[in-house]
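A short worksheet on the structure shown next.
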Amino acid sequence: MKFGIFYEHQLPRPWTDGAELKLFQDALNQVEFADQIGIDFAWEVEHHFLEEYSHSSAPEVFLAAASQRTKTIRLGHGIVLMPPGYNAPARIAERISTLDLVSNGRAEFGTGESASKAELEGYGVNPDQRRAQWRETVEQVANMMAMDPYPGFEGEFFSMPARNVVPKPVQKPHPPIWVACSNRETIHLAAQLGIGALTFAFVDKEESKKWVDDYYETFKNECVPIGHAVNPNVAMVTSFSVHKDKEEAMRRGLDGFLFFNYALGHHYSFGEHRPGRTNIWELFEGARDAIGDQMERSLGGIGSVESVREHMQGMAATGVDQTVFIQQGGKNKHEDIMEALDLFANDIMPEFKEHEAERQKKKDDELAPYVEAAFKRKEYMKELSDDEIPITHPYGFDIAEVDESQLDESQKARLAQMRKMRKATEAVIAKS
């Protein structure tokens, strides 16, 4: 089993000068340290307007910064919001490819559609169409990264002419694709499309195994890849705070994890929010006793070395490929996070790393014939022949028709230079 760390960049009120600066710098230090101790993935969300819960609206910037402080850790969007109201599809392809280049081939392309009213209405995205928009844009962004040129597209939610979308990623045909999954239905869809399931629901061991088994059974029998490569993997997010003393681990990590879920519920389910004014942390503190330990089944990642090891063994037994830690939640302290990661790497992780290469090879060998069959079912976007690629002209193409009487001397000189270059180019084309 592999391991990842996960960032919402939570910042509960009250906010002090420099708090956001410290939040981001601490997170970069944590990712750098995670890379040094052998953690496999760092995941970063994209959210907008969700105060206190998530101050991560530009994950591509954070991940690019992290890429320059790390060497081997995979850098994952967990996730990019795919409806065109949030991000133009070509811009997504450009950003993912650029991250892959600056990280030397370590980008993971996580995708999602969003569900919060604040975000959907803030960007003018129709909530009833968000799943259809996600599906259309994921397929086309994959095509943009893999095809040279991209043939163009007339879709239901976005259109663009033929263009060569550059740069192209290091990983060919494109980085691994994932989708955020909060229920079994979406995990089933991920398997059908041949992409990784980045699961954010907190379920017990028995339910987790059902989710994982359903994913791989569906992948083997129903997969038609949405991209040009498949990524058959299930990652599951869990709570995290480990200390040699269980009570100290709870003291350091419990409230942070409970706030994570409370703030999520505030923005997505039950909260009344006045932008810039509502104090979610204050509401959480007032409701803390009523909340109690209602999420006890989700606290397996918070505890002593022995209890967290047992929790990880349970996760591995379900067939989960990667466990992802929510270590930065609420007001969890940077120093405590670093100490917990260090303890985990020294006292727990080696057991799971020892046989990971063997597990991965066995899995790859088992899935190989199913992957081959899946791609036989895929209908690829038609490549353009050279003669079919449309020629584009700049707005200034008709320079022969320009009225020079309307130009000043510098503009006339520039026009003469353009005409000279055009004439020379026409001569080169004529010879060829």
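The values are calculated or read from the model by the stated rules, or taken from the named source; none is laboratory data. If you're wondering where the values come from, they're calculated on a predicted model, not measured in any experiment. Positions of Cβ are backbone-derived with ideal geometry, glycine not excepted, and every protein chain shown enters the neighbour counts.
Miscellaneous remarks
- The range 210-269, residues that are among the charged types (D, E, K, R) and either part of a helix (DSSP H, G or I) or touching a Phe, Trp or Tyr at 6+ places or on another chain (Cβ under 9 Å) (or both): K210, D213, D214, E217, K220, E222, K246, E247, E248, R251, R252, D255
- Taking each residue of the range 324-336 that is closer than 26 Å to G110 by Cα and looking for partners that are in a helix (DSSP H, G or I) and of a type in the set (F, W, Y) with beta-carbon atoms closer than 7 Å, six or more apart or interchain, yields I326/F257; I326/F260; G329/F257; G329/F259; G329/F260; G330/F259; G330/F260.
- Hits in the range 51-102 (condition: small (G, A, S), surrounded by fewer than 24 Cβ atoms within 10 Å (Cβ to Cβ) and within 19 Å of L28 (Cα to Cα)): S54, S56, S57, A58, A64, A65, S67
- Listed conditions (1) outside any loop (DSSP other than H, G, I, E, B); (2) among the charged types (D, E, K, R); (3) in contact (Cβ under 8 Å) with a residue 24 or more places away in the chain are all met by E52, apart from (1).
- Meets criteria (touching a strand residue (DSSP E or B) at 6+ places or on another chain (Cβ under 7 Å) and within 17 Å of Q68 (Cβ to Cβ)) for E44: yes
- Single match in I73, I96, I37, I79 (criterion: in the same structural domain as P175 (by TED's automatic domain parsing), more than 17 Å from the chain's Cα centre (by Cα) and touching a residue at least 40 places away in the same chain (Cβ under 8 Å)): I37
Table: residues versus (1) assigned by TED's automatic domain parsing to the domain that holds E372; (2) crowded, with 18+ Cβ neighbours inside 10 Å; (3) over 23 Å from the mean Cα position of the chain (by Cα).
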residue: F157; (1), (2), (3): yes, yes, no
residue: E185; (1), (2), (3): yes, no, no
residue: I195; (1), (2), (3): yes, yes, no
residue: F200; (1), (2), (3): yes, yes, no
residue: D213; (1), (2), (3): yes, no, yes
residue: V237; (1), (2), (3): yes, yes, no
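- Pairs with Cβ under 6 Å, 6+ apart, first in the range 360-371 and within 13 Å of C223 (Cα to Cα) and among the hydroxyl-bearing types (S, T, Y), second surrounded by 12 or more Cβ atoms within 10 Å (Cβ to Cβ) and at pLDDT 95 or above: Y370/K220
- In the range 113-140, the residues that are assigned by TED's automatic domain parsing to the domain that holds A93 form Cβ pairs under 6 Å with partners that are in a helix (DSSP H, G or I) and basic (K, R), at six or more places apart or across chains, as follows: E113/R130; E113/R131.
- Residue match in the range 160-183 (condition: in a loop (DSSP other than H, G, I, E, B), surrounded by 22 or more Cβ atoms within 10 Å (Cβ to Cβ), in the same structural domain as H273 (by TED's automatic domain parsing) and in contact with a Gly (Cβ under 7 Å, 6 or more places away or on another chain)): yes
- Within the range 415-432, tally of residues that are β-branched (V, I, T) and either touching a residue at least 24 places away in the same chain (Cβ under 8 Å) or surrounded by 10 or more Cβ atoms within 10 Å (Cβ to Cβ) (or both): 1
For every residue, the table says whether it meets (1) surrounded by 15 or more Cβ atoms within 10 Å (Cβ to Cβ); (2) in the same structural domain as F6 (by TED's automatic domain parsing); (3) modelled with pLDDT under 95; (4) touching an Asp or Glu at 6+ places or on another chain (Cβ under 9 Å).
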| residue | (1), (2), (3), (4) |
| --- | --- |
| Q322 | yes, yes, no, yes |
| I326 | yes, yes, no, yes |
| G330 | yes, yes, no, yes |
| P369 | no, yes, no, no |
| L384 | yes, no, no, no |
| D403 | no, no, yes, no |
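- Output for the range 85-117, where each listed residue is over 14 Å from A58 (Cα atoms) and assigned to a loop (DSSP other than H, G, I, E, B): G85, A88, S103, N104, G105, R106, E113, S114, A115, S116
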